Amino acid sequence: MNPKKLIEKKKIDTGGHILTFIRLDSCDSTNNYLRRNLTTMVNQFPVGISSRTQVRGRGRNDRKWFSARDQGLYISLGFFFNEPQHLNLLSLIAGITLSETLNRITGREFNLKWPNDVLYQGKKIAGILIENIIKKDRIISICGMGININQLRSDFPDDLRESAISARMITGQSLDIQTVEPHLIRLFFKWLDVLEREEKSTIINTVIRMNCYERGEKITFHQNRKSIKARFLEINPEGGIVLEKTTGEKVVFFSGEIDPFP
Ligand code: BTN
């Protein structure tokens, strides 16, 4: 590790697990950093890497994640996950974590846009990039989360200005990002415990409460470069979305993206 880039390394009690937490001044992407240093990192699992800025912050589907210095929270959590059958619930508990963290720091309510986005009044405030490394006997999970905290509308690049929002744009106040991290870390491991105890209905009911889609709402669904027009019906007990195609056929998906009906 380049010592100039390291701001601090400490242990955080997540309420059950002791997490090794590393704060960097700068990196390419906290997910990449964790992946590159995986051999040493796994010995310290669970770990959390946060960075004041990312020069190549990554979003889902090869998109970029806007990561200006001290404007957002950029964090990746690395941990072992022993339940392959529950992998699709991992992104849902990450979404709940982000929504609850934002609720704590702003006092407002946030919605989940299945499977990975957090919205405020239809605008995106946080996103999740989960990367799993599947080994013979266990899964190594890297859960990257980004929250827009201190941006003003004019700070966002042109292509995000209409669709993105930050905590500061909601409350009018800027925040010290370091004060947000402990909330996020504790909430994430609390929900990971819920998942490990297999309390699936607690997770699904929370997702249903936070979900931004109305039953019957027209949407466009994208998966593997294919798109279908459908109506949103529900989130099922396994965390999949149930859609009704224009033919009337019901279909369930566990990954993909939803857009409003054009
Ligand atoms: C998305 O909504 O497209 C996912 C965004 C995920 C951004 C976070 S910021 C911390 C971590 N490091 C990255 O490069 N990406 C994730």
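The values are calculated or read from the model by the stated rules, or taken from the named source; none is laboratory data. If you're wondering where the values come from, they're calculated on a predicted model, not measured in any experiment. Ideal geometry is used to build each Cβ from the backbone, glycine not excepted, and the neighbour counts take in all protein chains shown. Surface accessibility is based on the protein's heavy atoms, side chains included, excluding ligands, DNA and RNA. Shrake-Rupley method; radii C 1.70, N 1.55, O 1.52, S 1.80 Å.
Probing with 1.4 Å while keeping every protein chain in the model, the per residue accessible area of the chain equals 49 Å².
Only Cα pairs under 8 Å and at least 6 apart count here; give the relative contact order of region 194-262 as a rounded whole percent. After rounding, I find 28 percent. Each label was represented as a point 7 Å from its Cα along the Cα-to-Cβ direction; for residue 234 and residue 123 these points are 3.4 nm apart. Summarising the amide proton neighbourhood of residue 211: residues at separation of 5 or more, or on other chains, whose placed amide H is nearer than 5 Å comprise 112. The base-10 log of I(q)/I(0) for region 6-210, evaluated at q = 0.08, 0.14 Å⁻¹, reads -0.24, -0.78 [Debye formula, identical scatterers on Cα atoms, solvent excluded]. Remark: C-alpha extents of region 194-233 on the principal axes read 36, 24, 12 Å, sorted largest to smallest. If R0 is 25 Å, the Cβ-Cβ spacing of residue 215 and residue 60 corresponds to a FRET efficiency of close to 0.50. For the chain, the relative contact order comes to 15 percent (Cα pairs under 8 Å, sequence separation of at least 6). Working note: Karplus 6.51/-1.76/1.60 with θ = phi - 60° gives region 35-51 the couplings 5, 5, 9, 4, 4, 7, 5, 4, 5, 10, 4, x, 10, x, 10, 10, 9 Hz, where Gly and Pro are set to x.
For region 1-48, the alpha-carbon radius of gyration amounts to 1.14 times the rule-of-thumb value 2.2 N^0.38 Å expected for a compact globular protein. Computing the accessible area with a 1.4 Å probe over protein heavy atoms, can you report the carbon and sulfur percentage for region 218-260? Ligands and nucleic acids excluded, carbon and sulfur give 49 percent.
Sorted from longest to shortest, the spans of the Cα atoms of region 95-218 along the three principal axes equal 48, 39, 27 Å. Distant-in-sequence amide contacts of residue 149, defined by a placed amide H-H separation under 5 Å and a gap of 5 or more residues or a different chain, comprise 72, 73, 167.
Taken over region 22-138, the percentage of Cα pairs per 5 Å bin, counting from 0 up to the bin with the maximum distance, is 2, 10, 19, 22, 22, 16, 7, 2, 0. Geometric descriptor of region 218-260, per residue, is 62 Å³ (volume of the convex hull of the Cα atoms).
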